[in-house]
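Asks: The structure that follows is given in the form of structure tokens.
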Amino acid sequence: MKVKEMSMNLRPREKAIRYGLHSLSDLEILCLLLQSGNREKSVFDLAEEVLDLSENLNRLFDLRLEELMEIKGIKQVKALQILTGIELCRRALQRKNYQASVYQPDDLVKWFQLEIGPCFQEHFVCVYLNAKGKIIHHQLLFVGTLTESCAHPREIYHDAYLYHANALIMIHNHPSGDPTPSSQDIEFTRCVQEVGKMTGIPLLDHIIVGKNAWFSFKQHQYLD
């Protein structure tokens, strides 16, 4: 059914205005993003195909421009509309984390599961904190192979001094999706922990993220 054939109170835009965006289904939200269909497909048809492609939103943050444009009826402009909404969500989550103090791994996990969790290569990030536990800066330091990164403590602590950090947290992803630390992860973490003790800028945690799972060295008492 086309939107213009629906009663006014059931149309996504009118429903959102009257009852709020939270009242809309995933399909209706996508309809608002896409705005319109074409001669062959209604906006609901297109939204359904995007929903299928994203596996009911489970792969939404993994979608690429080329994938979306493979859907007949979605050209560059509509694909960019969807990806722009996704990017805005990423940035909002980053800003939210910058405003809050970091007290536990959960405060960073959602952000970095979206940011680097789905990546096919290892990405190594350091988050630098001030004395109040607020984020001063975060930095992607290395992108590695499918199985390993090549981080080194000197680069980690170079930025720690540069931003006058009081403490730091390391985060990297496992492209396999399994966040269980390898023997190299454990050895590297202990090395950085020792450097932190010597410099007075302690390593508070090392978090490994996969797409749907994560591991905290602190929570598992590796840093005691």
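The values are calculated or read from the model by the stated rules, or taken from the named source; none is laboratory data. Owing to the predicted nature of the structure, the values given are computational and were not obtained by experimental measurement. Please note: Cβ atoms are built from the backbone with ideal geometry, for glycine as well, and neighbour counts cover all protein chains shown. We work out accessible area using only protein heavy atoms, side chains counted, and drop any ligands, DNA or RNA first. Shrake-Rupley method; radii C 1.70, N 1.55, O 1.52, S 1.80 Å.
Asks: Averaged per residue, what accessible surface does the chain expose to a 1.4 Å probe, in Å²?
Replies: 58
Asks: Among L129, G144, T180, whose Cα sits farthest toward the positive end of the charge dipole of the chain (+1 at Cβ of Lys/Arg, -1 at Cβ of Asp/Glu, about the Cα centre)?
Replies: L129
Asks: Loop only by DSSP, 15 or fewer other Cβ within 10 Å of the Cβ. Give me the chymotrypsin sites (Phe, Trp or Tyr not before Pro) in segment 75-111 that pass, ordered by residue number.
Replies: Listed in order of number, the matching sites are Y103.
Asks: If the reach is capped at under 24 angstrom between alpha carbons, list the lysines near K75, excluding any in the same chain fewer than eight residues apart.
Replies: K2, K4, K41
Asks: Follow-up. Output the relative contact order of segment 79-224, whole-number percent, from Cα pairs under 8 angstrom with separation of 6+ residues.
Replies: Relative contact order comes out at 23 percent.
Asks: For segment 169-224 and segment 95-140, write down the distance between their C-alpha centroids in whole Å.
Replies: When both Cα centres are located, 13 Å separates them.
Asks: Sticking with the crude label model, points 7 Å out along Cα→Cβ, report the distance from K218 to Q104 in nm, one decimal please.
Replies: 1.1
Asks: Now a separate question. Quote the relative contact order of segment 158-224 in percent (integer), defining contacts as alpha-carbon pairs under 8 Å separated by 6+ residues.
Replies: Rounded, it is 39 percent for segment 158-224.
Asks: Using only alpha carbons, build the gyration tensor for segment 183-222 and give me the equivalent ellipsoid semi-axes, biggest first, whole Å.
Replies: 21, 11, 8
Asks: Let me ask something additional. Report, in debye and to the nearest 20, how large the dipole of the chain comes out about its Cα centre when Lys and Arg carry +1 and Asp and Glu carry -1 on their Cβ.
Replies: 1040
Asks: Restricting to DSSP H runs of at least four residues, report the calculated mean residue ellipticity at 222 nm for the chain, -39500 (n - 2.57) per run over all residues, nearest 500 deg cm²/dmol.
Replies: Estimated from H runs of four or more residues: -13000 deg cm²/dmol.
Asks: Could you tell me what percent of the accessible area of the chain is made up of carbon and sulfur, with a 1.4 Å probe and every protein chain present?
Replies: Heavy-atom surface of the chain belonging to carbon and sulfur, 1.4 Å probe: 53 percent.
Asks: By how many degrees, 0 to 90 and rounded to 10, does the Cα axis of helix 43-53 deviate from the longest principal axis of the chain?
Replies: Tilt of helix 43-53: around 30 degrees.
Asks: A further question on this structure: If you place +1 on the Cβ of every Lys and Arg and -1 on the Cβ of every Asp and Glu, how big does the dipole about the Cα centre of segment 138-216 come out, in debye to the nearest 20?
Replies: Computed about the Cα centre, the dipole is about 100 debye.
Asks: Can you pull out the trypsin sites (Lys or Arg not before Pro) in segment 30-128 whose DSSP state is coil and whose Cβ has at most 11 other Cβ atoms within 10 Å?
Replies: R39, R64
Asks: Next up: How many nm separate the modelled label positions at T180 and N130, each set 7 Å beyond the Cα in the direction of the Cβ?
Replies: 4.1
Asks: Hey, another quick one. Place +1 on the Cβ of every Lys and Arg and -1 on the Cβ of every Asp and Glu in segment 56-210, take the dipole about the Cα centre, and give the residue among I201, I156, G85 whose Cα lies farthest towards its positive end.
Replies: G85
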